[in-house]
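Written out below as structure tokens is the structure these notes cover.
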Amino acid sequence: MPKFSFRLESVRRYRVSLESIAKDNYRDAQRRVFECEQDIKSIYSKIDHILAEPALSIPDRLALEGRIARQEDQIQHQVIILQVLQSDETEALVAWVEAKKELEILEKLRENRRAEWLLDENRLEQAALDEWAVTRRKPA
């Protein structure tokens with residue numbers, strides 16, 4: 001029995017690699033979003049620590065307010081970055097889903113072609129067995 005050969009195997013392997021790359025890109029985008037969210041939480045934690053410090057004089061109070069204002073500016077900056085990263089994450093997800101669909105189409109085509117090949121091979125085998133049975137029964 002000859003080995004099954006899919007005519008578009010090289011294309012399928014290429015799409016497998018594209019899907020893998022798209023998946024890795026999506027995971028990287030998720031990681032960057034998570035890290036940015038952690039940075040924002042860290043800044044809020046710094047603000048809590050600043051607020052816990054005692055301010056005994058007006059200059060101390062003004063210094064604390066200045067530090068808090070800088071932290072709030074950093075939060076605004078991180079929120080803008082987070083929005084960009086979330087947009088990148090969404091784009092990466094869309095690209096991964098698209099690559100996955102294209103791969104699934106080829107996988108389905110390969111499965112269908114393999115089923116046809118198996119059917120043809122079974123028919124040829126059955127024809128050979130039938131021929132053998134007919135030639136074996138012939139009286140001498």
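Read-outs: derived from the displayed coordinates by stated rules, not from any lab. All values derive from a computational prediction rather than experimental measurement. Here the Cβ is made from the backbone with ideal geometry for all residues, glycine too, and neighbour counts use every protein chain on show.
Expressed as a whole number of Å, what is the distance separating the alpha-carbon centroids of the stretch 21-37 and the stretch 73-103?
Each part reduced to its Cα centre gives a spacing of 8 Å.
Sort the stretch 1-58 into rounded, prolate or oblate with this rule: let a ≥ b ≥ c be the square roots of the eigenvalues of the Cα gyration tensor; rounded if a/c is under 1.5, and if a/c is not under 1.5, prolate when a/b is larger than b/c, oblate otherwise. Numbers along the way, then the final one.
Details: a/c = 15.45, a/b = 7.40, b/c = 2.09.
In terms of gyration-tensor shape, prolate.
Exposed loop sites here are trypsin sites (Lys or Arg not before Pro) in DSSP loop states with at most 11 other C-beta atoms within 10 Å. What is the longest stretch of the chain lacking them? The partial results should precede the final answer.
Working: sites that count: LYS3, ARG7.
Here the longest segment lacking exposed loop sites spans 8-140.
Of the GluC sites (Glu not before Pro) in the stretch 1-54, which ones lie in a loop per DSSP and count no more than 10 other C-beta atoms within 10 Å?
Details: sites: GLU9, GLU19, GLU35, GLU37; in loops: none.
Passing sites in the stretch 1-54 do not exist.
Which value at 222 nm does the chain reach when only helices count, each DSSP H run of 4 or more adding -39,500 (n - 2.57), with the total divided by all residues and rounded to the nearest 500 deg cm²/dmol?
Details: 2 runs with 124 residues, N = 140.
Estimated from H runs of four or more residues: -33500 deg cm²/dmol.
For LYS23, give me every one of the lysines with a C-alpha distance below 17 angstrom, ignoring sequence neighbours fewer than eight places off in its own chain.
Of all the lysines, those that pass the test against LYS23 - Cα under 17 Å, at least 8 places apart if same chain - are LYS100, LYS101.
Report ³J(HN,Hα) in whole Hz for each residue of the stretch 44-51, in order, from the Karplus equation J = 6.51 cos²θ - 1.76 cosθ + 1.60 where θ = phi - 60°; Gly and Pro get x.
Result, rounded to whole Hz: 4, 5, 4, 4, 4, 5, 5, 5.
Taking springs between alpha-carbon atoms closer than 10 angstrom, which of GLN76, GLN86, GLN126 fluctuates most in the Gaussian network model of the chain?
GLN126
Provide Rg over Rh for the chain; use the alpha carbon set for both Rg and the Kirkwood Rh (inverse mean inverse pair distance).
Values: Rg = 32.6 Å, Rh = 21.2 Å.
Using Cα coordinates only, the ratio equals 1.54.
Defining a contact as two alpha carbons under 8 Å apart and six or more residues distant in sequence, what relative contact order in percent does the chain show? Walk me through the numbers on the way to the answer.
On the way: 64 pairs, mean separation 60.0, N = 140.
Value for the chain: 43 percent.
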